[in-house]
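> This is the structure I want to talk about, given as structure tokens.
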Amino acid sequence: MTRSIRNTIITAALSASFMTAAAQTAGETMFLSGSHAMVRADRTARYMLLPVEEKAEMCNLRVLADNLPVQSINVRMAVDHIDYYVPLDLSQYKDKSVLIDIHNNGNNRHEGALREFACWKAIKYSDTFDTTNREYYRPAYHHTPLYGWMNDPNGMFYKDGKWHLCYQWNPYGSYWENLSWGHSTSTDLVNWQQEPAPLYPDGLGMIFSGSCVVDHENTAGFGRGAVVAFYTSAGESQTQSMAYSTDGGQTFTKYAGNPVITSNVPDFRDPHVFRHKETDRWIMILAAGQEMNIYSSANLKDWTYESSFGHDYGNHDGVWECPDLMELPVSGTEEKKWVLLCNINPGGPFGGSATQYFTGTFDGHRFTCESAPEVTKWMDYGKDHYATVTFDNAPDGRRVAIGWMSNWQYANQLPTMQYRSANTIARDLGLFTDGNETYLSSTPSPEMTAARGKVLARRSSSRRRTFAADSGAYEINVDFISSMRKPLTITLQNPKGETVVMIYNPAARTFSMDRTASGQTGFSDAFPAVTTAPVYGGLMRSLRIFVDRCSIEAFDGEGRMAMTNLVFPSEPYNTITVSGGKAATTVYAVGK
């Protein structure tokens with residue numbers, strides 16, 4: 001069992017009435033046309049296990065309970081072979097008769113006759129759904145869903161000693177579709193426990209990204225300490241909705257007055273809400289096309305438009321998404337400044353999705369950027385860092401961020417099936433200056449240092465060292481013995497000759513990572529890459545490099561540089577070579 005999740009088997013007891021609800025025709029498949037079939041569900045088990053083939057065309061499944069439509073999902077029902085199963089939970093329909101109405105969207109000339117699909121004979125029924133990990137690349141200390149697709153982290157908050165991480169989730173396949181909110185909790189930002197999903201699609205649409213706040217003063221009227229969620233309802237148009245929890249975030253009730261904000265702007269989504277002390281109001285920032293809209297509210301229900309930001313500022317090569325707005329201290333000063341995170345896709349520095357940001361001031365009504373409009377600042381210079389947002393109500397005034405560790409160029413093609421996608425490690429944010437500009441610092445959260453295990457290797461000189469890396473999960477700490485004058489090269493390699501090469505060039509003040517020979521790369525032409533980051537002010541004292549089974553995240557010890565890249569080696573990298581400069585290298589086990 002990995003430390004990033006607790007693999008469990010979902011179980012449930014059946015009531016006597018539930019057991020007697022099965023129809024005599026349970027499990028029967030009826031073919032109505034070349035693209036239309038119906039299956040009467042067997043009600044003697046909790047789950048109907050649907051066989052999935054990822055290369056198949058999409059089928060739309062309408063769940064009818066006593067002939068009334070209660071759910072609609074899209075599933076790639078298996079045509080030729082079965083990649084995996086996904087569970088359709090029937091227990092919520094109690095003693096009703098359940099009929100699954102299935103429309104295949106494919107071309108029969110390509111897929112063959114509907115009645116010959118492999119799925120019909122392979123449908124199973126069970127009281128349990130096995131989530132035991134079957135994936136070689138599942139991380140040891142990064143958050144992943146137990147199964148299904150995951151993208152943007154959202155709805156993140158801290159309460160009563162627990163970090164709550166919600167995320168965009170498809171429980172019916174390991175590709176983007178059927179978006180709901182999944183939910184995991186942790187006490188240490190390293191080990192995660194999957195919780196029941198808090199939000200599923202409804203008549204307003206799928207559940208897109210958003211945020212949660214802890215309403216300490218009961219401004220919304222749901223009770224002191226209620227957790228209030230804001231999310232985008234993605235139907236024919238995108239509107240903003242809310243839900244609330246009075247049990248610490250375990251269950252949510254959707255607000256009867258949804259939607260709370262509407263607009264005729266396309267790509268109108270991803271509300272992030274926080275409390276602004278100076279104006280004693282709630283602030284919402286959300287993406288509106290190529291800008292960010294800012295709203296304010298006294299009660300979290302009624303919102304007033306304040307201003308917009310973004311015209312002519314920064315990078316506009318893609319859609320603006322997933323904003324965040326926060327005040328952070330500037331290192332070495334008594335000053336604080338505001339930072340606006342703006343995730344963009346495409347338009348990243350090396351193609352695809354990435355996180356840009358702006359620094360400046362915010363008065364409760366308007367954000368003003370202090371940099372010239374043409375200046376673009378990137379939070380992370382890897383290929384796989386996107387949709388980054390922070391936790392509400394974090395302890396000790398911390399700003400803790402987590403991002404989606406993938407890229408829209410190839411997210412649906414990554415070489416896993418039981419689940420797809422992971423999140424970055426947690427990072428504490430701050431600010432620092434270099435020249436006339438202020439930059440965002442990203443430092444691995446203290447919980448990552450606490451997660452260090454035994455020393456796997458230690459070397460006080462620049463040499464090649466092989467170590468036991470069976471788990472494929474470790475941290476490399478490189479401390480500079482003297483000032484770097486020559487390029488420092490760090491090479492990771494496994495017995496198959498697969499390599500990742502990282503170079504710090506002190507003259508150019510750049511750090512690069514080459515993953516072109518890192519292992520599996522052929523699933524996308526956009527995946528092999530060399531990424532290069534500026535290091536403002538140069539690397540000061542050390543590098544911290546976090547290696548997990550499918551990723552490498554590199555940080556300057558003071559947070560002046562961050563780079564996140566996925567890798568898929570056929571065996572763990574177990575050899576490290578450091579050359580070109582004097583450095584002491586320590587490798588710590590992390591994870592299980």
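The values are calculated or read from the model by the stated rules, or taken from the named source; none is laboratory data. What you see is a predicted model, and the numbers here were worked out from it, not measured in a lab. Please note: Cβ atoms are built from the backbone with ideal geometry, for glycine as well, and neighbour counts cover all protein chains shown. We work out accessible area using only protein heavy atoms, side chains counted, and drop any ligands, DNA or RNA first. Shrake-Rupley method; radii C 1.70, N 1.55, O 1.52, S 1.80 Å.
> So which residues in region 341-363 are under 27 Å from the mean Cα position of the chain (by Cα) and in a loop (DSSP other than H, G, I, E, B), if there are any at all?
P346, G347, G348, P349, F350, G351, G352, S353
> Taking the condition of being open to solvent by less than 20 Å² (accessible area, probe 1.4 Å) and within 18 Å of K162 (Cβ to Cβ), how many residues in region 204-224 meet it? Show your work before the answer.
Going through region 204-224, the residues open to solvent by less than 20 Å² (accessible area, probe 1.4 Å) turn out to be 205, 207, 209-215, 220.
Filter once more, so that each one left must be within 18 Å of K162 (Cβ to Cβ): 211-215.
Of the residues in that region, 5 qualify.
> Taking into account only those residues within region 456-484 that are at pLDDT below 95 and of a type in the set (F, W, Y), which is least open to solvent (accessible area, probe 1.4 Å)?
Looking at residues that are at pLDDT below 95 and of a type in the set (F, W, Y), I get F467.
> Only one of (1) closer than 25 Å to G397 by Cβ; (2) touching a residue at least 40 places away in the same chain (Cβ under 8 Å) fails for E334. Which number is that?
(2)
> Mind telling me which of the residues W404, W338, W320 ends up being within 30 Å of I503 (Cβ to Cβ), aromatic (F, W, Y) and part of a strand (DSSP E or B)?
Answer to the selection: W404.
> OK, next. Please determine whether any residue of region 117-125 is of a type in the set (D, E, K, R) and farther than 24 Å from A234 by Cβ.
Step one: of region 117-125, the residues of a type in the set (D, E, K, R) are 121, 124.
Now narrow it down to the ones that are farther than 24 Å from A234 by Cβ: 121, 124.
Yes, region 117-125 contains a residue that is of a type in the set (D, E, K, R) and farther than 24 Å from A234 by Cβ.
> Checking V375 against (1) assigned to a strand (DSSP E or B); (2) touching a residue at least 40 places away in the same chain (Cβ under 8 Å); (3) among the β-branched types (V, I, T), which test does it fail?
Only one criterion is unmet by V375, namely (1).
> I would also like to ask the following. In region 549-558, is there at least one residue being at pLDDT 95 or above, open to solvent by 10 Å² or more (accessible area, probe 1.4 Å) and under 15 Å from S442 (Cβ atoms)?
Scanning region 549-558 turns up no residue that is at pLDDT 95 or above, open to solvent by 10 Å² or more (accessible area, probe 1.4 Å) and under 15 Å from S442 (Cβ atoms).
> Does D83 count as farther than 14 Å from Y172 by Cα and of a type in the set (D, E, K, R)?
For D83, the condition - farther than 14 Å from Y172 by Cα and of a type in the set (D, E, K, R) - is not met.
> For region 260-318, which positions are under 21 Å from Y244 (Cβ atoms), open to solvent by 20 Å² or more (accessible area, probe 1.4 Å) and among the β-branched types (V, I, T)?
V260, T262, T304, listed by residue number.
> So V79 ticks every box in (1) surrounded by 18 or more Cβ atoms within 10 Å (Cβ to Cβ); (2) within 30 Å of Q413 (Cβ to Cβ); (3) touching a strand residue (DSSP E or B) at 6+ places or on another chain (Cβ under 8 Å) but one. Which box is left unticked?
For V79, the exception is condition (3).
> Taking interchain pairs and intrachain pairs at least six residues apart, which have beta carbon atoms under 6 angstrom, with the first residue in region 517-529 and more than 15 Å from Q409 (Cβ to Cβ) and the second of a type in the set (S, T, N, Q)?
Sorted first by the residue in region 517-529, then by its partner, the pairs are A517/T499; G519/S570.
> Are any of the residues in region 535-545 surrounded by fewer than 16 Cβ atoms within 10 Å (Cβ to Cβ), at pLDDT 95 or above and not hydroxyl-bearing (S, T, Y)?
Looking through region 535-545, none of the residues is surrounded by fewer than 16 Cβ atoms within 10 Å (Cβ to Cβ), at pLDDT 95 or above and not hydroxyl-bearing (S, T, Y).
> For region 106-114, check the following and say yes or no: at least one residue is within 19 Å of G148 (Cα to Cα) and either in a loop (DSSP other than H, G, I, E, B) or aliphatic (A, V, I, L, M) (or both).
Within region 106-114, not a single residue is within 19 Å of G148 (Cα to Cα) and either in a loop (DSSP other than H, G, I, E, B) or aliphatic (A, V, I, L, M) (or both).
> Okay, moving on. Scan region 428-444 and tell me whether some residue there is part of a helix (DSSP H, G or I) and either surrounded by fewer than 16 Cβ atoms within 10 Å (Cβ to Cβ) or among the charged types (D, E, K, R) (or both).
No; the residues of region 428-444 include none that is part of a helix (DSSP H, G or I) and either surrounded by fewer than 16 Cβ atoms within 10 Å (Cβ to Cβ) or among the charged types (D, E, K, R) (or both).
> Would you say N218 is in contact (Cβ under 8 Å) with a residue 24 or more places away in the chain, of a type in the set (S, T, N, Q) and within 16 Å of L300 (Cβ to Cβ)? Break it down stepwise before answering.
On the way: in contact (Cβ under 8 Å) with a residue 24 or more places away in the chain: no; of a type in the set (S, T, N, Q): yes; within 16 Å of L300 (Cβ to Cβ): yes.
No.
> I would also like to ask the following. Could you go through region 564-571 and let me know if any residue there is aromatic (F, W, Y), modelled with pLDDT of 95 or more and in contact with a Cys (Cβ under 8 Å, 6 or more places away or on another chain).
So the first thing to find is which residues in region 564-571 are aromatic (F, W, Y), and the list is 568.
In the following step, the residues that additionally are modelled with pLDDT of 95 or more were identified as 568.
Those left that are additionally in contact with a Cys (Cβ under 8 Å, 6 or more places away or on another chain): 568.
Yes: region 564-571 contains one or more residues that are aromatic (F, W, Y), modelled with pLDDT of 95 or more and in contact with a Cys (Cβ under 8 Å, 6 or more places away or on another chain).
> Which one is nearest to V228 (Cα to Cα) among residues in region 297-317 that are in a strand (DSSP E or B) and not hydroxyl-bearing (S, T, Y)?
Here the residue is E306.
> Only one of (1) of a type in the set (D, E); (2) within 27 Å of T438 (Cα to Cα); (3) modelled with pLDDT of 95 or more is not met by D525, so which one is it?
Tallying (1) of a type in the set (D, E); (2) within 27 Å of T438 (Cα to Cα); (3) modelled with pLDDT of 95 or more, D525 fails exactly one: (2).
> Right, next: Restricting to region 485-496, give me the number of residues that are assigned to a loop (DSSP other than H, G, I, E, B), within 17 Å of E571 (Cβ to Cβ) and open to solvent by 40 Å² or more (accessible area, probe 1.4 Å).
The qualifying residues number 2.
> Being closer than 26 Å to S406 by Cβ, open to solvent by less than 60 Å² (accessible area, probe 1.4 Å) and either among the β-branched types (V, I, T) or under 16 Å from the mean Cα position of the chain (by Cα) (or both) is the filter here; which residues of region 103-139 pass it?
Listed by number, the residues that qualify are T131, R138, P139.
> Please count how many residues of region 265-302 are more than 17 Å from D392 (Cα to Cα) and among the basic types (K, R).
Of the residues in region 265-302, 2 are more than 17 Å from D392 (Cα to Cα) and among the basic types (K, R).
> Do we have any residue at all in region 389-401 that's under 24 Å from I294 (Cβ atoms), of a type in the set (G, A, S) and in a strand (DSSP E or B)? Spell out the reasoning first.
Looking only at region 389-401, we keep the residues that are under 24 Å from I294 (Cβ atoms), and these are 389-394, 397-401.
Those left that are additionally of a type in the set (G, A, S): 394, 397, 401.
The next check asks that each one be in a strand (DSSP E or B); those that pass are 401.
Within region 389-401 (the criterion being under 24 Å from I294 (Cβ atoms), of a type in the set (G, A, S) and in a strand (DSSP E or B)), the answer is yes, since at least one residue qualifies.
> Right, next: Tally the residues that are acidic (D, E) and open to solvent by less than 10 Å² (accessible area, probe 1.4 Å), restricting the search to region 371-404.
So the count comes out to 2.
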